[in-house]
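Q: This is the structure, below, for whatever I ask next.
The values are calculated or read from the model by the stated rules, or taken from the named source; none is laboratory data. Here the structure is a predicted model, which is why all the values come from computation and not from measurement. Here the Cβ positions follow ideal geometry from the backbone for every residue, glycine too, while neighbour counts run over all protein chains shown. With ligands, DNA and RNA removed, areas are computed over all heavy atoms of the protein, side chains included. Shrake-Rupley method; radii C 1.70, N 1.55, O 1.52, S 1.80 Å.
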Amino acid sequence: MPARLRASDIDHPFHGVNATAPLDDVRALCEAYVARGIPDQWFSHLTAAALYGIPLPPSARAKALHVVVAYPRTPPRTRQVIGHSVRDLQAEIIDGMPVCGPAQVWCQLSTILDRDELVVAGDFLVGARSRAALSSVEELSAASMALRGRAGAPKRAWALPRIRFGADSRPESLLRLLLQKRGYTNVLVNQPVEVGNDRLVLHPDLMLPDQRVLLEYEGDGHRTGRRQWQSDIARVDLLESAGWRVVRVTSADLFENPTVLLDRVASAARRIVRFGDPAGACGALPHD
């Protein structure tokens, strides 16, 4: 048996834990850590975020586990673990995993993520039509107030009023923030729009009601799936027939060419203004 444990196909992620394959998945690594049987330790920061399913930027996906204990206990110190000691630990068991509570994790992320990504995390936590809320803005605010003056406080203060219910993905949240920075102050998320003679209700990703412009973010599934592609075309036709101008946005638009994208949005808004708004709801364009 000792010789078998030294074999090249056996991974040793933590002291006393052996695996027959490398543990590249965060949850698998967490399960291996929990198997050590050390009580009163909880996953936190980026690790807890991954377990909750909070969308993270590629740069924030680290392999090391973040693990906390309640102050004044000594944080864990072992390979592949970043240890923390925290006051007022808010702990839960989620799908068998010991994790800090969602609001506390959001505050922890404020010491790692930038302001926009912190809004993304908050959008995820407060839920959407197709996703149950894990927290509320009020709970996030209360958790932040308990840490006033601590690391990440300015980012939390900036992010809190910008968190919205309804975002279905990280790109949608980032797209909304991009528009708001450009001066579009009234950006609505997943609002109902009635279309067609049968009054079908659609929920476009983002709406600029003052400019009668809708934005639809299209991931790779929209591009590679034939049925989805055909559905998207019909959807855009219905929305435009209802008097809206639709701007379709891809990852390249958002992450590689945001200036060009913003020019397209402005052009769409000006076109509505120039030719008249069928619903009589045109508004002023934002200043550059």
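Q: Does the stretch 169-188 contain any residue that is among the acidic types (Asp, Glu) and open to solvent by 20 Å² or more (accessible area, probe 1.4 Å)?
A: Residues of the stretch 169-188 among the acidic types (Asp, Glu): 172.
Of the ones still in play, those that are also open to solvent by 20 Å² or more (accessible area, probe 1.4 Å) are none.
No, that holds for no residue.
Q: In the stretch 149-163, is there at least one residue being touching a Lys or Arg at 6+ places or on another chain (Cβ under 8 Å) and part of a loop (DSSP other than H, G, I, E, B)?
A: Checked against the condition, which is being touching a Lys or Arg at 6+ places or on another chain (Cβ under 8 Å) and part of a loop (DSSP other than H, G, I, E, B), the stretch 149-163 yields no hits at all.
Q: Mind counting the residues in the stretch 36-46 that are closer than 17 Å to Ile94 by Cβ and either in contact with a Phe, Trp or Tyr (Cβ under 9 Å, 6 or more places away or on another chain) or at pLDDT 95 or above (or both)?
A: Summing the residues that are closer than 17 Å to Ile94 by Cβ and either in contact with a Phe, Trp or Tyr (Cβ under 9 Å, 6 or more places away or on another chain) or at pLDDT 95 or above (or both) in the stretch 36-46 gives 6.
Q: Of all residues being assigned to a loop (DSSP other than H, G, I, E, B) and among the hydrophobic types (A, V, I, L, M, F, W, C) in the stretch 109-127, which is farthest from His45 (Cα to Cα)? Just the residue, please.
A: Leu113
Q: Let me ask something else about it. Kindly list the number of the only condition in (1) farther than 26 Å from Pro204 by Cβ; (2) of a type outside the set (Asp, Glu); (3) open to solvent by 40 Å² or more (accessible area, probe 1.4 Å) that fails for Val137.
A: For Val137, the exception is condition (1).
Q: Any residue in the stretch 179-198 that is more than 23 Å from Gly122 (Cα to Cα) and free of Cβ contacts under 8 Å to residues at least 40 places away in the same chain?
A: The initial filter retains those residues of the stretch 179-198 that are more than 23 Å from Gly122 (Cα to Cα), namely 193-198.
Next, only the ones that are free of Cβ contacts under 8 Å to residues at least 40 places away in the same chain stay: 197-198.
Yes; the residues of the stretch 179-198 include at least one that is more than 23 Å from Gly122 (Cα to Cα) and free of Cβ contacts under 8 Å to residues at least 40 places away in the same chain.
Q: Only one residue in Ala157, Ala151, Ala143 is open to solvent by 20 Å² or more (accessible area, probe 1.4 Å), over 24 Å from Asp237 (Cβ atoms), free of Cβ contacts under 8 Å to residues at least 60 places away in the same chain and in contact with a Phe, Trp or Tyr (Cβ under 8 Å, 6 or more places away or on another chain), so which one is that?
A: One residue alone meets the criteria, Ala143.
Q: Quick check on the stretch 47-67: of everything there that is open to solvent by less than 20 Å² (accessible area, probe 1.4 Å) and under 13 Å from the mean Cα position of the chain (by Cα), which residue is modelled with the lowest pLDDT?
A: Across the stretch 47-67, the extreme among qualifying residues is Ala60.
Q: Let me ask something else about it. Residues of the stretch 118-134 being buried (at least 20 other Cβ atoms within 10 Å of the Cβ) and over 15 Å from Gly53 (Cβ atoms), which ones?
A: Correct list: Leu118, Val119.
Q: Out of (1) part of a loop (DSSP other than H, G, I, E, B); (2) acidic (Asp, Glu); (3) closer than 16 Å to Trp244 by Cα, what's the single condition that is false for Asp198?
A: Going through (1) part of a loop (DSSP other than H, G, I, E, B); (2) acidic (Asp, Glu); (3) closer than 16 Å to Trp244 by Cα one by one, Asp198 breaks only (3).
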